Amino acid sequence: MPQSTVNLAVLVSGGGTTLQNLIDVIARGELDARIGIVIASRPDVGGLERAAKAGIATRVVDRRRYDAVADFSRDVFGLCDEAAVGLVCLGGWLSLLEIPQCYAGRVMNIHPALLPSFGGKGYYGRRVHQAVLDYGCKVSGCTVHFVDNEYDHGPIILQRTCPVLDDDTPETLAHRVFEQEKIAYPHAIRLYAAGRLRIDGRRVRGAD
């Protein structure tokens, strides 16, 4: 049977480059999906502007207003429920979430390094790429994974690699990694929409 168009929520905490990539891929007809809502963890992030320009509904759940992760997560996923989303995609989202049982296996993230290396709390943005360079890695890349209740910890769906060059800066490496992210995230969403992904402990089957 033909798959239905998957309805996405995209969660952002920054400029929204991952969001923009998904908007562009959908507009080019390369991903059978729609973005039903964009949720931001702060009211002043660039991702909200990108969403508004694309005519996508936006909401803000300001993390600073919550003492407990559970209360914050309840309101985030309540908005996802209202938008009737099939898949939640984190795009530069920096806040820890508690995943409701009904969303287990329905929340994805993309991380700009090859997990489990250079992941966890505090490893985001430029910091990740600087850490890769400081360690002397010869390759880097990106990881798409399902999200659980720890930072950068859920089962890995797929990874793509790129070289680390001798004269790289965090910015040049970030650009090369993002080129792989632009391919990896839409592909993972396609696999999910096609019903191919199955979580088996720490492994995700069907992503080959």
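The values are calculated or read from the model by the stated rules, or taken from the named source; none is laboratory data. Keep in mind it's a predicted model, so treat the numbers as computed, not measured. Reconstructed Cβ throughout: ideal geometry from the backbone, glycine too, with neighbour counts over all protein chains shown. For the accessible areas, the whole protein counts, side chains as well, though only heavy atoms, and no ligand, DNA or RNA atoms are used. Shrake-Rupley method; radii C 1.70, N 1.55, O 1.52, S 1.80 Å.
Some observations on this one:
- Percentage relative contact order, the chain, counting C-alpha pairs under 8 Å, at least six apart: 18 percent
- By the combined test of axial Cα extent (at least 27 Å) and Kyte-Doolittle hydropathy (mean at least -1.0), the qualifying DSSP H helices of the chain come to 170-193.
- DSSP beta bridge pairing in the chain, given as percent antiparallel to the nearest 5: 45 percent
- For the range 61-208, diffusion coefficient by Stokes-Einstein and Kirkwood Rh (Cα), 4 °C, 1.567 mPa s, µm²/s: 80 µm²/s
- Extended-chain gain in nm, criterion 0.36 nm per residue less alpha-carbon gap, ASP67 and ASP44: 6.3 nm
- A straight Cα-to-Cα reach below 22 Å connects LYS138 with the lysines LYS182, residues fewer than 8 places away in its own chain not being considered.
- Sequence-distant residues sharing a close amide H with CYS89 (under 5 Å, placed H): ALA9, VAL10, LEU11, MET108
- Cβ-Cβ FRET estimate between ASP32 and ALA104, R0 fixed at 35 Å, reported to 0.05: 0.90
- Rounded percent of accessible protein surface that carbon and sulfur make up, the chain, 1.4 Å probe: 49 percent
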